[in-house]
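What follows is calculated from the coordinates using simple rules that are stated; it is not laboratory data. Worth saying up front: this structure is predicted, and the values here are computed from it rather than measured. Here Cβ is always computed from backbone atoms with ideal geometry, including for glycine, and neighbour counts include all displayed protein chains.
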Amino acid sequence: MAEAEFIKGNEAIAMGAIEAGCRFYFGYPITPQNDIPEYMSRHLPDVGGTFIQAESEIASINMLLGASSTGARAMTSSSSPGISLKQEGISYMCGSQIPGVIVNMSRSGPGLGGIDPSQGDYFQATRGGGHGDYRTIVLAPHSVQENYDLTMKAFDLADKYRNPVLILGDALLGQMKEPIRRRKYRKKEFPKDWTMTGAKGREKRLIKSLYLSEGELTDHNWMLNKKYQSMKREIMFETQFMEGAKLVVVAFGSVARILKSTVQMARDRGMKVGLFRPITLFPFPYAALDKISHSIKNFMALELNTGQMLEDLKLSVGHKKNQVDFYGRPPGSIPSPDELFNEIKKIYKKRIG
Amino acid sequence: MKQTFKRPKALVDIPSHFCPGCHHGIIHRLVAECIDLYGVREKTIGVASVGCSVFLYDYFNADVVEAPHGRAPAVATGVKRARPDNFVFTYQGDGDLAAIGTAEIIHAANRGEQITVIFVNNTVFGMTGGQMAPTTMSGQETTTTPFGRDLKTNGFPIKMSELLTELPGSTFVARAAVNNSKNLMKAKKLLKRAFEVQINGEGFSFVEFLSACPTNWKMTPKQATERVQEEMIPYFPLGVFKGGQE
């Protein structure tokens, strides 16, 4: 096993990308993710890769579209306002079935907002984000180690489904330092019979998202939908203290990380609280939560926003006589484990006694 | 009987959707002739743009990836950086390149990307039905300048070739027209040079083609071709602006 190294969250993403064979990076500076382009600009040349600081977020995503269309592993990263600008390109990539990894170390909005951690981009990430009926796989790490591991996984998933994969972190996950262990990426092979390489000794290929003939686009959308449905096999989640739990707190990313301390505090005080942490936000672990709701009736979503994942939680468990409560913390400050404990205690008292 | 004229290998044998008198077909043919001439068809990756030119993916017998509106130079950047040995070209109209895609073309040129850009300037948004383009001439009536383009409120027709010439990153910049056989022969020469610039690894090459759009100009093909000569060429002068013959 590799020795532990003390690494910043953003850098772990860049390291994971290079280990997974990412050789092209396109980006535009925006806080709080600048360590990613900075790391890539320094280290990609060592492995024969290409770094371009693009003129805009829009250019970056389209360079990604171009590089990925040749079958190369490529990435762009940004933060919330920049991700908004990339949505056009993401929609085209989905429509054209072009893979690619897009990192959103999100900050706070709306508008210029601020640079605090936020989970306000949950809807944008999980509902497609741009125009048209499409989805991207969304991975939500909650530690620096997971930043590294999930970035590697993102490249495999992107190639497997020929679809963009979004990594949704935030300022906290990008800026904090933690010990991580590197591991060797095990290369997987995916079909490359669609890539732009020049029509040498074969028929020409076309990558497009425009379908004008009658019925063509209907079929294309159903085909894409079938693909999005098939992504369910990639669902990942983590649970803690579920045995005998009377209240399940549901959270992702940085807030889930804080909650791990909180739930321990609750258990120490004899409160039967469990933690459910979705790791894939799309596809969302609806079925797993539904199953849990057969034996546990009380749920509580905690998010760094005013209630977005809450809707998916309600879609999972809200159809029965379950209680779904919510605590939201819009950007501006990060809740401590104690603060979250107090919020959970209120709900626990109200629902369980 | 000896065959003296035939379809270039780089073009597919299907009817085009272009209107009668449109110059896109001629420009497509010139590009295809150059692909054949330099033997790069099997190495070519075309980047289609948005507008009437998008269907080049049906007409060219080569790999093509479609770009969002205006973004072709950024897409081509990604393609060319990943596959430096391929021949990569974009083919864009004036709405695409000179309006929504202004940032992408300027920065691709300024980075000296080793791509070839074919810019078709017909002073109007063609596919969307004849709205004002950034290259629409002073006084020209379009569906969004029904009283003619007023320079005071709509600004000036933009000269992209002149603009890109000023950038230190561009290698070859030229403007051509295909309105008569003399200009057509010159255009072919300029396009050949643009191809050579990429094939020789000299840098970024750009050819602007003045093109007729009889449908949206509400003219006959003959009138439209005459307009290229009488109105467009005086404002958009032809020739090499930068980086002539090696």
Subject >> Neighbour cut-off at most 16 other Cβ (10 Å), DSSP loop, chymotrypsin sites (Phe, Trp or Tyr not before Pro), the range A:139-214 >> reply: A:Tyr185, A:Trp194, A:Tyr211
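Checking the table A:Lys246/A:Lys314; A:Lys86/A:Lys187; A:Lys227/B:Lys43 against a 21 Å threshold on Cα-Cα, which pairs fail?
A:Lys86/A:Lys187; A:Lys227/B:Lys43
Go through the range A:1-30 and name the GluC sites (Glu not before Pro) that are in a DSSP coil and have 12 or fewer other Cβ atoms within 10 Å of their Cβ. Can you show the working numbers first?
Working: sites: A:Glu3, A:Glu5, A:Glu11, A:Glu19; in loops: A:Glu3.
Taking the range A:1-30 and a limit of 12 other Cβ atoms within 10 Å, the loop GluC sites (Glu not before Pro) found are A:Glu3.
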Subject >> Those aspartates and glutamates that a straight Cα-Cα span of less than 17 Å connects to B:Lys152, excepting residues fewer than 8 apart in one chain >> reply: B:Glu141
Original post:
A:Met223 label point, 7 Å along Cα→Cβ, cut-off 15 Å on backbone N: hits in the range A:184-202?
Top reply: A:193-195
Subject >> Karplus-derived HN-Hα couplings along the range B:79-89 (A = 6.51, B = -1.76, C = 1.60, θ = phi - 60°), whole Hz, x at Gly and Pro >> reply: 5, 5, 5, 7, 9, x, 8, 8, 8, 10, 10
**OP:** Using only the Cα atoms of the range A:102-185, build the gyration tensor, take square roots of its eigenvalues as a ≥ b ≥ c, and label the shape rounded, prolate or oblate: rounded if a/c is under 1.5, else prolate if a/b is larger than b/c, else oblate.
**Re:** oblate
Original post:
Where a Cα-Cα gap under 21 Å defines reach, which lysines qualify for A:Lys184, not counting those fewer than 8 residues away within the same chain?
Top reply: A:Lys8, A:Lys153, A:Lys160
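Could you list the trypsin sites (Lys or Arg not before Pro) in the range A:143-209 that lie in coil according to DSSP, counting only those with at most 14 other Cβ atoms within 10 Å of their Cβ?
On the way: sites: A:Lys153, A:Lys160, A:Arg162, A:Lys177, A:Arg181, A:Arg182, A:Arg183, A:Lys184, A:Arg186, A:Lys187, A:Lys188, A:Lys192, A:Lys200, A:Arg202, A:Lys204, A:Arg205, A:Lys208; in loops: A:Arg162, A:Arg182, A:Arg183, A:Lys184, A:Arg186, A:Lys187, A:Lys188, A:Lys192, A:Lys200, A:Arg202, A:Lys204, A:Arg205, A:Lys208.
Sites meeting the loop and neighbour criteria: A:Arg183, A:Lys184, A:Arg186, A:Lys187, A:Lys188, A:Lys192, A:Lys200, A:Arg202.
Using only DSSP helix segments of four residues or longer, with each worth -39500 (n - 2.57), what per-residue ellipticity at 222 nm results for the protein assembly as shown after dividing by its residue count and rounding to 500? Provide the component values of the computation, followed by the final result.
Working: 21 runs with 218 residues, N = 599.
That comes out to -11000 deg cm²/dmol.
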**OP:** Please list the non-local residues whose amide H lies under 5 Å from the amide H of B:Leu11, H modeled 1.01 Å from N, same-chain partners needing a gap of 5 or more.
**Re:** B:Asn61
Subject >> Cut-off 12 Å between beta-carbons: net charge of the residues surrounding B:Val54, Lys and Arg +1, Asp and Glu -1 >> reply: -2
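Would you mind calculating the relative contact order of the range B:50-121 from Cα pairs under 8 angstrom and at least 6 residues apart, reporting the percent as a whole number? If you can, show how the numbers build up before the last one.
Details: 89 pairs, mean separation 26.6, N = 72.
Once divided by the residue count of the range B:50-121, the mean separation gives 37 percent.
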**OP:** Would you mind classifying the range B:71-141 by shape? Square roots of the alpha carbon gyration tensor eigenvalues, ordered a ≥ b ≥ c; an a/c under 1.5 is rounded, otherwise it is prolate if a/b is larger than b/c and oblate if not.
**Re:** prolate
Original post:
Given H placed on each backbone N at 1.01 Å, which residues far from B:Gly130 in sequence or on other chains put an amide H within less than 5 Å of it?
Top reply: B:Phe125
**OP:** Step through the residues of the range A:220-228 one at a time and calculate ³J(HN,Hα) from phi using the Karplus curve (6.51 cos²θ - 1.76 cosθ + 1.60, θ = phi - 60°), rounding each to whole Hz and writing x for Gly and Pro.
**Re:** 4, 5, 5, 4, 4, 4, 4, 5, 4
**OP:** Between the alpha-carbon centers of the range B:130-202 and the range A:50-82, tell me the distance in whole angstrom.
**Re:** 28
Original post:
By its C-alpha gyration tensor, with a ≥ b ≥ c as the square roots of the eigenvalues, how is the protein assembly as shown shaped: rounded for a/c under 1.5, else prolate for a/b larger than b/c, else oblate?
Top reply: prolate
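How much net charge surrounds B:His69 when only the other residues with a Cβ under 13 Å from the Cβ of B:His69 are counted, with Lys and Arg +1 and Asp and Glu -1?
Numbers: positive: B:Arg71; negative: A:Glu88, B:Glu66, B:Asp94, B:Asp96, B:Glu104.
Here the charged neighbours net out to -4.
List, in the order given, every pair from B:Lys188/B:Lys222; B:Lys6/B:Lys186; B:Lys159/B:Lys182; B:Lys186/B:Lys242; A:Lys200/A:Lys226; A:Lys320/A:Lys345 whose Cα-Cα distance in the structure shown is over 26 Å. Don't skip to the end; give the middle numbers.
On the way: B:Lys188/B:Lys222 22 Å; B:Lys6/B:Lys186 20 Å; B:Lys159/B:Lys182 23 Å; B:Lys186/B:Lys242 15 Å; A:Lys200/A:Lys226 32 Å; A:Lys320/A:Lys345 23 Å.
Cα-Cα > 26 Å for A:Lys200/A:Lys226; rest within.
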Subject >> Dipole-positive endmost among A:Cys22, A:His131, A:Ser84 within the range A:4-233 (Cβ charges, Cα centre) >> reply: A:Cys22
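Charges at C-beta only: +1 for Lys and Arg, -1 for Asp and Glu. How large is the resulting dipole of the range B:24-242 about its Cα centre, in Debye rounded to 20?
Values: 22 positive and 21 negative charges, 70 e Å.
So the magnitude is around 340 debye.
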**OP:** About the Cα centre of the range A:1-65, how large is the charge dipole given +1 on each Lys and Arg Cβ and -1 on each Asp and Glu Cβ? Please answer in debye to the nearest 20.
**Re:** 160
Original post:
What list of ³J(HN,Hα) couplings, whole Hz, do you get for the range B:94-111 from phi and the Karplus terms 6.51, -1.76, 1.60, once you set θ to phi - 60° and write x for glycine and proline?
Top reply: 6, x, 5, 7, 9, 10, 5, x, 4, 5, 5, 5, 5, 6, 5, 5, 6, 7
Subject >> Dipole in debye (nearest 20) - the protein assembly as shown, about Cα centre, beta carbon charges: Lys, Arg +1; Asp, Glu -1 >> reply: 1360
